[in-house]
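The values are calculated or read from the model by the stated rules, or taken from the named source; none is laboratory data. Predicted model only: the values in this text are computed from it and were never measured. Don't worry about glycine lacking a Cβ; one is built from the backbone with ideal geometry, like all the others, and counts go over all protein chains shown.
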Amino acid sequence: MNAKNRYFYPVIALALILIDQYLKLASSQGFKINLGFAKILFVQNTGIAFGLLTSQNNLLIWVYVMVLGLILFFNDALLKASRTGFWLLIAGLTSNGVDRLFYGFVRDYIAVWKWPVFNIADACINIGALIIVYNFLKKSFTKQASE
């Protein structure tokens, strides 16, 4: 892999982290947008998705560290499955991990209809995980079909 391609995904991940952190800061300082179907607003999330594990920040920091460690440990397999999914996971976990470490909660700011409020990091984590699972399943089924 040449140097240009080697840095593409880490640079995109860093850009996603910076954009997410900027929007978290802006929303926490009162920046709001209301588009009717979607809003930018500020919510302190002490748990994880759908209100689970509220006020368990220390546990969640350890979970983030363990998951990030596992991702880095299995990076070869994950990179083979999906470089895009891998770097989206890294970006999302890093940005939300920074929040948990420095604020004791995750700063969420995107509200769409009646869906729970989320942020770009949450989207990165979910999309990255879906891409990786899809690619693992696709390779698994392709391998089975060829046997």
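Can you tell me how many residues within segment 1-27 are in a helix (DSSP H, G or I), polar (S, T, N, Q) and either surrounded by fewer than 15 Cβ atoms within 10 Å (Cβ to Cβ) or modelled with pLDDT under 90 (or both)?
1
What residue, among those in segment 57-111 that are hydroxyl-bearing (S, T, Y) and touching a helix residue (DSSP H, G or I) at 6+ places or on another chain (Cβ under 8 Å), is nearest to A26 (Cα to Cα)?
It comes out as Y109.
Determine whether L137 is hydrophobic (A, V, I, L, M, F, W, C) and either surrounded by 13 or more Cβ atoms within 10 Å (Cβ to Cβ) or part of a loop (DSSP other than H, G, I, E, B) (or both).
Answer is no for this residue.
Restricting attention to segment 77-121, and to residues there that are closer than 19 Å to A38 by Cα and in a loop (DSSP other than H, G, I, E, B), which single residue is modelled with the highest pLDDT?
Narrowing segment 77-121 to residues closer than 19 Å to A38 by Cα: 107-121.
Checking the rest, the ones that are also in a loop (DSSP other than H, G, I, E, B) come to 113-117, 119.
Working: W113: 88, K114: 85, W115: 87, P116: 89, V117: 92, N119: 96.
Residue satisfying both the conditions and the ranking: N119.
Among the listed residues L101, L130, identify the single one that is more than 8 Å from the chain's Cα centre (by Cα) and closer than 21 Å to V65 by Cβ.
Within the list L101, L130, the selection yields L101.
Where residues in segment 46-65 are of a type in the set (F, W, Y) and in contact (Cβ under 8 Å) with a residue 24 or more places away in the chain, which of them is nearest to L89 (Cα to Cα)?
So in segment 46-65, the residues of a type in the set (F, W, Y) come out as 50, 62, 64.
Narrowing further to those that are in contact (Cβ under 8 Å) with a residue 24 or more places away in the chain: 50, 64.
On the way: F50: 19, Y64: 11 Å.
Top of the filtered list is Y64.
Could you grab me the full set of residues in segment 28-45 that are surrounded by 15 or more Cβ atoms within 10 Å (Cβ to Cβ) and within 15 Å of S95 (Cα to Cα)?
Within segment 28-45, just N45 meets the criteria.
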